[in-house]
Amino acid sequence: MVYECCGEKFEKEKEFKKHIRSRYWHRINYSTSTKVLLNRDEVFNIVKNPKLIFGISNLIIPIDQKRAILYLPFKRIKTGTILKRAIIGNLEGPKLDFDMLEYKFNSDKLVYEISFRLKRLTEDQTEVYILSSMAVNIGILGRIMPSEVIKALQSIVTPEILAENLVSNIKSL
Ligand SMILES: [Zn+2]
């Protein structure tokens with residue numbers, strides 16, 4: 001298994017654990033793209049509307065002008081009960097930066113940034129590029145116990161899950 005974190009690749013778990021111990025904040029990036037059968041303006045109108053673009057996902061749901069809820073994957077505890085876990089944070093955006101539409105979900109120790117870039121292919125075909133990143137502060141416990149961090153990564157919304165979820169939502173429009 002190859003781990004990628006903070007722009008570096010780690011082929012051995014031992015090396016990755018050493019990297020985890022080395023700092024509080026870690027960053028994971030993911031990028032993807034998809035082709036949709038809509039013209040660029042139509043896609044732009046969807047992507048610039050946080051209620052639309054995030055509302056159709058079940059991961060980050062805007063609750064008012066400033067805040068959103070991030071739903072974490074279900075966790076089954078020993079008794080068989082399924083816990084639905086959620087984090088509330090600030091949702092900033094969309095911010096238009098040249099031809100990128102940027103959003104930021106910020107909740108203290110966990111920050112997601114999602115950027116969209118649209119490319120007109122034909123009159124009714126648009127390529128959507130999504131850049132997604134997650135920055136997380138693992139705290140002192142994470143630095144002492146890197147294996148717990150690796151375990152936690154399996155029950156968190158990674159930038160890949162988020163980006164692929166947005167892709168399938170955009171495709172379903
Ligand atoms: Zn890292």
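The values are calculated or read from the model by the stated rules, or taken from the named source; none is laboratory data. Keep in mind that this is a model prediction, so the values were computed, not measured. Quick reminder, even Gly has a Cβ in these numbers, built from the backbone with ideal geometry, and neighbours come from all protein chains shown.
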Evaluate segment 36-50: report whether one residue or more is on the phi < 0 side of the Ramachandran plot, among the hydrophobic types (A, V, I, L, M, F, W, C) and within 16 Å of the ligand (Cβ to nearest atom).
-> no
Just a yes or no: is a residue in segment 87-101 of a type in the set (A, V, I, L, M, F, W, C), exposed (fewer than 11 other Cβ atoms within 10 Å of the Cβ), in contact with a strand residue (DSSP E or B) (Cβ under 7 Å, 6 or more places away or on another chain) and at pLDDT below 90?
-> no
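Residues in segment 153-172 that are without any contact (Cβ under 8 Å) to a residue 12 or more places away in the chain, surrounded by 13 or more Cβ atoms within 10 Å (Cβ to Cβ) and more than 15 Å from Tyr30 (Cα to Cα): how many?
Within segment 153-172, the subset without any contact (Cβ under 8 Å) to a residue 12 or more places away in the chain is 153-154, 168.
Checking the rest, the ones that are also surrounded by 13 or more Cβ atoms within 10 Å (Cβ to Cβ) come to 153.
Remaining after also requiring more than 15 Å from Tyr30 (Cα to Cα): none.
The total comes to 0.
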Can you name every residue in segment 1-22 that is surrounded by fewer than 12 Cβ atoms within 10 Å (Cβ to Cβ), over 21 Å from the mean Cα position of the chain (by Cα) and either in contact (Cβ under 8 Å) with a residue 40 or more places away in the chain or closer than 24 Å to Asn106 by Cβ (or both)?
-> Ser22
Out of all the residues in segment 57-77, is one or more exposed (fewer than 13 other Cβ atoms within 10 Å of the Cβ), in a strand (DSSP E or B) and either among the basic types (Lys, Arg) or modelled with pLDDT of 90 or more (or both)?
-> yes
Can you tell me which residues in segment 130-146 are within 22 Å of the chain's Cα centre (by Cα) and surrounded by fewer than 16 Cβ atoms within 10 Å (Cβ to Cβ)?
-> Asn137, Gly139
Looking at segment 3-25, is at least one residue away from the ligand (no atom under 15 Å from the Cβ) and either in contact with a helix residue (DSSP H, G or I) (Cβ under 8 Å, 6 or more places away or on another chain) or of a type in the set (S, T, N, Q) (or both)?
-> no
